[in-house]
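To keep things clear, I will list the structure first and then write my remarks on it.
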Amino acid sequence: MKIVYTDVLVVGGGLAGLRVAVGVRRRGLDALVLSLVPPKRSHSAAAQGGMQASLANTTKGEGDNEDVHFEDTVRGSDWGADQPVVRMFVNTAPKAVRELAAWGVPWSRVRKGDREVIINGQRVTLTESEAAHGLLAQRDFGGTRKWRTCYVSDGTGHAMLYAVGDQAIAHGVPVHERKEALALLRDADRCCGAVVRDLATGELVAYVSRATVIATGGAGRLYRVTTNAVICEGMGAALALETGVVALGNMEAVQFHPTGIFPAGILVTEGCRGDGGLLRDAAGHRFMPDYEPEKKELASRDVVSRRMAEHIRKGHGAPSRFGPHLWLDITQLGRAHIDRNLREVKEICRYFLGVDPAEAWIPVHPAQHYTMGGIRTRHSGESPTLRGLFSAGEAACWDLHGFNRLGGNSVAETVVAGMIVGEFVADFCQGPGGEISIPTALVRDAVAAQQAALDALLGGGTESADAIRVEMQQVMTDRVGIFRDGASLTLAVEALEALLLRSRRIGVRSNAPGPNPELVTAYRVQRMLKVALCIACGALAREESRGAHFREDFPRRDDAHWLQRTLATWPDPAATRPTLAYEPLQVESMELPPGWRGYGERNHIEHPQTPARAASVEAARAIPGLHRYDLQRELMAYRHLLPPSLQGDNERLGEPLR
Amino acid sequence: MSAPRQIRLNVFRHNPQDPASTPHLQTYLVEEAPGMTLFLALSELRERQDPSLAFDFVCRAGICGSCGMVVNGRPRLACRTLTQELPAEITLLPLPAFALIADLSVDSGSWMRAMTERLQAWLHAADPAPDLSRLEARMDPDLADQIYELDRCIECGCCVAACGTVQMRHDFVGAVGLNKIARFGLDPRDTRSDAEFYDLVGGDEGVFGCMTLLACHDVCPKELPLQTQIAFLRRRMLRAGA
Ligand SMILES: Cc1cc2nc3c(=O)[nH]c(=O)nc-3n(C[C@H](O)[C@H](O)[C@H](O)COP(=O)(O)OP(=O)(O)OC[C@H]3O[C@@H](n4cnc5c(N)ncnc54)[C@H](O)[C@@H]3O)c2cc1C
């Protein structure tokens, strides 16, 4: 049996995993990264639009700061987010974007003087100040009150991932590519590594570590139509779930992006609408102002996607052989702007649609895009139920996004979480519980159990892994999508349970040594079904509408009953459904008590404690002469939760350090 | 409407892990669908005809660089290649110059990491690191755009696969490597001097090994200005080495 030892095992080589690895290396620990693919091909590379950080360099960002970013994020989450975590995040995002600038990311910069932009369909001249010239530029994104999204043309994720990936190489972090973690190694309540399959040779290897970090990204491929890469299959969530003790938080919170190109689902960035692009229907009518007079195309993603689906249902979609869709019109932005700032969009339109977006409209339809739910952790990234297990990035639910993530907050989250969680992982390893002693028999048994499961798949079962996978994706897309209701979700849960049972009888035809892609599909689909069931069961149980979770039979947000985070665990491996429990959010301590988001429906059911909390927050805000930092501390102290190196304020052009 | 086209896909097959496997071409028939890319064609093939076929796709949107392969003699990204742009007979081979994993899957990741380590192809920033609470250092907006232009490389390996020099010198860093040096050389945040860059690429495994055949430039899926960059770097290195 082959065993690899390291201090910190990071499962996942995307932005989050790599930044954690660099952080722990800097603290003098060894880190080893596992990745299904060469790390620079992780899905982070596909982020186009940008990264939110409240720098306030541009004219349209003036007045932006942590407070505004905080409120936008909490409103965006429909009050599902953990507010102290949001605070930690917004205070660290400016530091993260500046660190990346120092690591070489070629952020687009502010140019002084006049420039023409399109806002709300109108040509407007903006004047950038001399003082801001050469600082990082920001663009507009949905659900934000200020222009806050820093960007590198529309290759932001690529440039970030290459810079962080290069830093990992510079720090000597080994990345074991084409290695897949299949199960966590666990000694009672202590995580001590993982059982890993080599995707090129098929060999099983044990990785033993003092701390283990899951940074495996999202689970978009549970759906048939998704913007996600083909490797985003929720395997990190499954790793956690199969321990039986680690909970997944809010898995029913799934984001659908308004502008997947139709029918392939490939994303065109929100930056298209941020930069002035419009949504049009079959008749060419710009319909979003009819539904959302305030924010129009730039309401939050859940709202825009729902309005699009609603408009299509009313019969206004443009017909095509693949079904109805709507149009994204960026022609009015002009060729020069598209060539400079929306190049990936242009390439995607050219290669996949044969369309020039400077001249023709882009066919779009909402598509699954982001997994708000994930492995439930504390603000430190550590699992509250399995010591030594941490999680960061899209795989985690520490819970920054609640029921809807704002565009640009995710790549920001990956690096911010990497900076924060990396420090806590290092603290953990260097602290009292940081050492492990693990019997080799335990490791051997864990490897043998995985081998037995693989052998069973090769043992002559009759079901086809591919067929089950396609059926699962169809059920998720048809029944656990943008519009949900009890009857349809019940059918979804039953269908997924039946598929789970069938997946236990999968027979893989080829047992050739080496990569064996059919075997990979087989063991993954068994795990994917469990994650899918967490989503469907969570959605069925949650009898309200919040953020991206929209129940037609319960269309109102119900704070009185559902200001709760869903926790799904899978204690019995033979079960066909997860066990659901709930964790209440504390209104009494919220800095921003629940209210109307500023867009979307205005009909929520109030939590009994909201008025009292709102009154005390109002009273504090009314105290004259209180500096915003002091007011904030008054309302909800959080800085002590951050690692000391990240507790400081952020300088801005208009706001010198105290 | 005319009947859909039948496509003959001749796919390179070999599994080096299997002693019984020998390299050969296997032919599959696929019915063309509107908007079908090689990603869709190969995925359908694997779902319906041959679950053992190995290939690499990740983003399937032309962004991540995983799916470089030789399509009818030319290295390109399979995910964004529409079958309708190709004749009805399509031959797919793995990228040469990289270790074969199986079928169309090659290990370009290890190659890229080794190249990056050899060329120290990361930003060598000034010490100490800046205070992250402070305003970021300024940069001319045009210069930032120019750096991004070179930063767009996706390490897909097409340039290496198309390179005549690589066939003769296995230690040649390829256009991908030279472009990285050009990128960091352009970046004022990188503290290295031309003399230090010369130590990295001033030999025959670097910029002077290039035979200027420039297939790299022609096949680059991101249309990077490789030809000008290599010529420019060569002049700069001549001066640095003089
Ligand atoms: C098309 C698209 C555009 C986007 N644009 C934006 C944007 O403009 N702004 C924004 O903020 N966000 C954007 N997002 C979201 C954002 O890109 C992702 O949420 C984020 O990059 C996820 O990073 P991560 O590090 O958590 O995971 P990933 O980058 O997905 O990395 C996951 C890693 O885990 C590895 N892995 C997975 N399972 C295993 C396993 N079992 N064993 C070993 N390794 C494993 C993978 O190989 C990979 O290295 C976009 C998303 C999409 C789909």
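No lab work stands behind these numbers, since they all come straight from the coordinates. On a predicted model such as this, the values are computed, not experimentally measured, just so you know. Note: ideal-geometry Cβ built from the backbone for every residue, glycine included; neighbour counts use all protein chains shown.
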### Query
When only alpha-carbon atoms count, how far does region B:1-76 stretch along each of its three principal axes, as whole angstroms with the largest first?
48, 29, 25
### Query
Around residue A:138, which amide H atoms from residues at least 5 apart in sequence, or from another chain, sit under 5 Å from its own amide H, with H modelled in the peptide plane?
A:58
### Query
Packing-wise, with mean Cβ within 10 Å as the measure, how do B:159-171, B:69-81, A:233-245 rank, highest first?
A:233-245, B:69-81, B:159-171
### Message
At R0 = 60 Å, how high is the FRET efficiency between residue A:462 and residue A:130 if r is their beta carbon distance? Nearest 0.05 is fine.
### Response
0.25
### Task
Throw me the Rg/Rh for region A:376-511, computed over C-alpha atoms with Kirkwood Rh, two decimals.
1.08
## Note on the structure
One computes Rg over Rh for region A:365-422 from alpha-carbon atoms, with the Kirkwood Rh, and obtains 1.00
### Query
Rounded if a/c is under 1.5, else prolate if a/b is larger than b/c, else oblate: which is region A:107-190, with a ≥ b ≥ c the root eigenvalues of its Cα gyration tensor?
prolate
### Message
Given points 7 Å out from each Cα along the Cα-Cβ axis, report the residue B:10 to residue A:628 separation in nanometres with one decimal.
### Response
6.6 nm
### Task
For residue A:478 and residue A:449, compute 0.36 nm times the residue count separating them, minus their Cα-Cα distance, and round to one decimal in nm.
6.9 nm
### Query
Counting partner chain Cβ atoms within 10 Å of every residue's Cβ in B:101-108, what's the average?
3
### Query
With +1 on each Lys and Arg Cβ and -1 on each Asp and Glu Cβ, how big is the dipole of region B:95-242 about its Cα centre, in debye rounded to the nearest 20?
280 debye
### Query
In units of 2.2 N^0.38 Å, what is the alpha-carbon radius of gyration of region B:134-242?
1.09
### Task
Evaluate E = 1/(1 + (r/R0)^6) for residue A:505 and residue A:543, where r is the Cβ-Cβ distance and R0 equals 45 Å; express this FRET efficiency to the nearest 0.05.
0.85
### Query
Which three lengths, in whole Å and largest first, does region B:24-128 cover when its Cα atoms are put on their principal axes?
60, 29, 24
### Query
Which whole number gives the average, over all residues in B:137-143, of C-beta atoms from other chains lying within 10 Å of the residue C-beta?
6
### Message
With 10 angstrom as the radius, rank B:7, A:362 by how many other C-beta atoms surround their C-beta, starting from the fewest.
### Response
B:7, A:362
#### Entry: Given A:95/B:180; A:60/A:295; A:95/A:146; A:40/B:180; A:40/A:346; A:112/A:296, the pairs whose alpha carbons are separated by over 20 Å
A:95/B:180; A:40/A:346; A:112/A:296
### Message
Can you list residues from other chains, or at least 5 along the same chain, whose modelled amide H is less than 5 Å from the amide H of residue B:68?
### Response
B:78
### Message
From the helices alone, meaning DSSP H stretches of at least four residues, give me the mean residue ellipticity at 222 nm for chain B, per-run term -39500 (n - 2.57), in deg cm²/dmol to the nearest 500.
### Response
-10000 deg cm²/dmol
### Query
What's the Cα-based Rg to Rh of chain B, Rh via Kirkwood?
1.05
### Query
From Cα coordinates alone, what are the radius of gyration and Dmax values for region B:101-185 in angstrom?
16.4, 51
### Query
Assigning unit charges at the beta carbon (Lys, Arg +1; Asp, Glu -1) and nothing else, what dipole magnitude in debye, to the nearest 20, does region A:297-351 show about its Cα centre?
120 debye
## Note on the structure
The value for region B:192-242 (convex hull of the alpha-carbon atoms, volume per residue, Å³) is 80 Å³
### Task
Work the Kirkwood hydrodynamic radius out for region A:295-442: mean of 1/r over every pair of different alpha-carbon atoms, inverted, in Å.
19.2 Å
### Query
Tell me, what does the Kirkwood hydrodynamic radius of region A:483-613 come to in angstroms if you use every pair of distinct C-alpha atoms?
17.4 Å
### Task
Whole Å is fine, so just give me how far the alpha carbon centre of region A:144-185 lies from that of region A:542-615.
32 Å
### Radius of gyration and Dmax over the Cα atoms of region A:386-462, both given in Å
18.8, 50
### Query
For region A:547-658, what D do you get in µm² per second when you plug the Kirkwood radius from alpha-carbon pairs into Stokes-Einstein at 20 °C and 1.002 mPa s?
120 µm²/s
### Message
What's the whole-number percent of alpha carbon pairs in region A:1-89 lying beyond 22 angstrom?
### Response
53 percent
### Message
Need one number: convex hull volume per residue for region A:451-517, Cα atoms only, in Å³.
### Response
92 Å³
### Summary
One finds, for residue A:582 and residue A:602 with R0 = 25 angstrom and r their Cβ-Cβ distance, a FRET efficiency to the nearest 0.05 of 0.45
### For region B:97-147, alpha-carbon Rg relative to the globular expectation (2.2 N^0.38 Å, N residues)
1.85
## Note on the structure
Here the equivalent ellipsoid of region A:184-329, derived from its Cα gyration tensor, has semi-axes (largest first, whole Å) of 42, 17, 13
#### Entry: Euclidean distance of C-alpha centroids, region A:245-309 and region B:171-188, integer Å
39 Å
### Summary
Among B:123, B:153, B:97, the residue whose Cα sits farthest towards the positive end of the charge dipole of chain B, when +1 is placed on the Cβ of each Lys and Arg and -1 on the Cβ of each Asp and Glu, is B:97
### Query
Among A:399, B:107, which comes first, second and so on when ranked by fewest other beta-carbon atoms within 10 Å?
B:107, A:399
### Query
Of the peptides B:93-106, A:247-260, A:269-282, B:15-28, how do they stack up when ordered by the mean number of other Cβ atoms within 10 Å, highest first?
A:247-260, A:269-282, B:93-106, B:15-28
### Summary
Computed ³J(HN,Hα) along region B:138-154: with the Karplus parameters 6.51/-1.76/1.60, θ = phi - 60°, integer Hz and x for glycine or proline, the list is 7, 8, 4, x, 5, 5, 4, 5, 5, 5, 4, 3, 8, 6, 6, 3, 10
### Query
Just from its helices, what would the mean residue ellipticity at 222 nm be for chain A, if runs of 4 or more DSSP H residues each count -39500 (n - 2.57) and the sum is divided by every residue, rounded to the nearest 500 deg cm²/dmol?
-10500 deg cm²/dmol
### Message
How are the alpha carbon pair distances in region A:1-50 distributed across 10 Å bins from zero to the largest one, expressed in percent?
### Response
26, 45, 24, 5, 0
### Message
Let's see if you can work this out: charge +1 on each Lys and Arg Cβ, -1 on each Asp and Glu Cβ, no other charges. What is the dipole magnitude of region A:216-299 about its Cα centre, in debye to the nearest 20?
### Response
180 debye
### Message
Counting only other chains, and only Cβ atoms inside 10 Å, what mean value do you get across the residues of A:347-359?
### Response
3
### Task
Compute the projected area of the convex hull of the Cα atoms of region A:142-182, averaged over all viewing directions, and report it in nm² to one decimal place.
5.4 nm²
### Protection proxy ranking of A:498-505, B:192-199 - average other beta-carbon atoms within 10 Å, highest first
A:498-505, B:192-199
#### Entry: Sorted by Cβ neighbour density within 10 Å, fewest at the top, the residues A:152, A:475
A:475, A:152
### Query
Whole number please: convex hull volume per residue of the Cα set in the protein assembly as shown, in Å³?
159 Å³
